[in-house]
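Quick notes on the structure that follows.
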Amino acid sequence: MIGLVIGAGVVLAIACVFMWWLSSRSSSGKAVKVKAAPHSLASNNDILQAVSDGIVTLDAKGNITMLNTAAGYLTGWEPADAIGIDHALVFKLCDAKGNPYDATTNPFSQLLQDRKPHRDDNTTLVTKGSERHLSVSLSASPLISENGQLTGAVGILRDVSEERKSERQRAEFISTASHEMRTPLASIEGYLALAMNNRVSSIDEKAKGYLTKAHEATQHLGSLFQDLLTSAKAEDGRLINHPEVIEMGGFLTRLSEDLRFVAQKKNLAVEFVVGVSGANMNAQPEIGSVRVVQPLYYVYADPERLREVITNLFDNAVKYTPSGKISLGLTGDDNVVQMYVKDTGQGIAAEDVPHLFQKFYRIDNSDTRQIGGTGLGLFICRKIVELYNGRIWVESQPAKGSTFFINLPRLSRDHATQLGPQITKPDNQAPQPTASE
Ligand code: ADP
């Protein structure tokens, strides 16, 4: 009886999935030929076999119970041969660098653990015999019986190799074009600077005004080309990346010293807080006779890339804060190091928040229209943070301010020592154990 209910549930779920698929397909203008009447089980199977996307079902242990013809073609397996075999043997998934997925990254394994839908648009499927490497988008959903039991999973795979190829070509074009255009631009900028230099040329004040505007515009164009180049590299994995162990307390202390000048030009106060808000990183607080040891937060990343991210967030905070304070913060727990840049500026409306980290997204209102920018900074920040398996997000209230957070995996001191040798630590300060160690 239970078997019947589960079986009916699975058929129903598959039917729902392909009905969804059918509607998304027909909206994209592609017709599907259905042989039998739409409500019979035979027709459901016909449709499953006819669709050009791969569809697979698994039981609760992760073994394959159904593979449609397209999934067979994508994986290189005969559908009948794949029945009863573990999904990971048939669907060999890896990341863009060719690292095989494990139980923590494979969408099917994750789903069987947490019973939630998982989607991965950037995975590579290695076909049987490693003959082909296909870029696929995979969406996996749990199958739950009426009494709430996980009975298995259904997955839909779409071959996106052509889309990825054209994305790569587009990124290559942007990167070559912006690289080539930077050279003549640099010489225009140089000549404009010479023309405005009293010791080299003599021009009247009016001409100097025009040249100053031209000089600013070339600088803006230069930063746009630079951002385009960086974002194209970030998209196709060509960002220069030399990760090393970084002690974030020392790193942010030094960085905040450099950044403070930008804020001071606009009369904005700057503070660097660690752990409890308001605590000074450089102070060694005393509680009674007990000396509180400041935890050392180690991460494994390229310092130049991290500097780029924090500087970008800090520059934005300065740009979008007319008055008040900018706080650079560091905190964390055993597993995570958290950095944040908080401002008391104009804030961000809730409807803009989900789009902020997309390419070229700029908020268009009377406050931001006067402020220059490319809309690429936060996109680049996200790409860099994701490179180190981190997360970046923002919390904001219009007219009150915004806080941009970055979470990076924390390295234990032992792990940091193993990964050494170069530990970027606070100047003249030996590493100390963390409070939790
Ligand atoms: P931009 O070069 O335009 O600053 P970003 O990608 O860095 O590009 O930021 C995207 C948009 O997010 C900005 O145009 C701005 O509207 C908004 N934004 C970013 N940081 C802040 C901030 N600290 N406060 C308010 N708005 C911000």
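Values in this text are rule-based calculations from the coordinates and carry no lab data. No experiment lies behind these values; they were computed from the predicted model shown. So basically every Cβ, Gly included, is an ideal-geometry build from the backbone, and we count neighbours across all protein chains shown.
For region 165-235, just run the numbers: alpha carbon Rg, then divide by 2.2 N^0.38 Å, N being how many residues it has. Mind showing how you got there, number by number?
Working: Rg = 16.0 Å, N = 71, 2.2 N^0.38 = 11.1 Å.
My calculation over the Cα atoms of region 165-235 gives 1.44.
Using per-residue counts of other Cβ atoms within 10 Å, averaged over each peptide, order 376-383, 389-396, 265-272 from highest down.
On the way: 376-383: 22.4, 389-396: 16.6, 265-272: 14.9.
The densest-packed peptide leads the list: 376-383, 389-396, 265-272.
Excluding residue 262 itself, what net charge comes from residues whose Cβ is under 12 Å from its Cβ, given Lys and Arg +1 and Asp and Glu -1? Provide the component values of the computation, followed by the final result.
Details: positive: 260, 265, 266, 319; negative: 257, 258, 315.
After counting each charged neighbour, the total is +1.
Calculate the FRET efficiency for residue 95 and residue 49 from the Cβ-Cβ distance with a Förster distance of 41 Å, rounded to the nearest 0.05.
On the way: r = 31 Å, r/R0 = 0.74.
Here the calculated transfer efficiency is 0.85.
Hey, rough spin-label estimate for residue 176 and residue 103, points 7 angstrom out along Cα→Cβ, what's it come to in nanometres?
Rounded to a tenth, the inter-label distance reads 4.7 nm.
Quick one: net charge of residue 132's neighbours, Cβ under 15 Å, K/R +1, D/E -1?
On the way: positive: 92, 128, 164, 165; negative: 131, 159, 162.
Overall, the nearby charge balance is +1.
Under a 5 Å amide H to amide H cut-off, with H placed in plane at 1.01 Å, what residues pair with residue 273 once short-range neighbours are removed?
For residue 273, the qualifying residues are 328, 329, 330.
Quick one: putting +1 on the C-beta of Lys and Arg, -1 on the C-beta of Asp and Glu, what dipole do you get for region 244-419 around its Cα centre, in Debye to the nearest 20?
Details: 19 positive and 20 negative charges, 76 e Å.
Result for region 244-419 is approximately 360 debye, rounded to the nearest 20.
Quick one: which of 244-254, 125-135, 105-115 comes out on top by average Cβ neighbours within 10 Å, and what's the full order, highest first? Intermediate results must be reported in sequence, preceding the final value.
On the way: 244-254: 21.2, 125-135: 14.6, 105-115: 18.9.
Going by the mean number of other Cβ atoms within 10 Å, highest first, we get 244-254, 105-115, 125-135.
Report the gain in length on full extension from residue 127 to residue 199: 0.36 nm times residue separation, minus Cα-Cα distance, nm rounded to one decimal. Present the calculation step by step, with values, prior to reporting the outcome.
Details: separation 72, 0.36 × 72 = 25.92 nm, distance 6.78 nm.
Full extension from residue 127 to residue 199 adds 19.1 nm.
Under 20 Å between alpha carbons, and skipping anything fewer than 8 positions from residue 128 in its own chain: which lysines qualify?
92, 97
Over the residues of region 244-419, compute the C-alpha Rg and express it relative to 2.2 N^0.38 Å. Intermediate values should be presented prior to the final figure.
Numbers: Rg = 16.6 Å, N = 176, 2.2 N^0.38 = 15.7 Å.
Ratio of Cα Rg to 2.2 N^0.38 Å: 1.06.
Among the lysines, select those whose C-alpha is under 17 Å from the C-alpha of residue 342, and discard any that sit fewer than 8 residues away in the same chain.
Excluding near neighbours in sequence, the set is 266, 319, 325, 400.
Show me the three semi-axes of the equivalent ellipsoid for region 131-267, from the C-alpha gyration tensor (sqrt of 5 times each eigenvalue), largest first, rounded to whole Å. Show your work: numbers first, answer last.
On the way: eigenvalues 495, 119, 45 Å².
Here the semi-axes work out to 50, 24, 15 Å.
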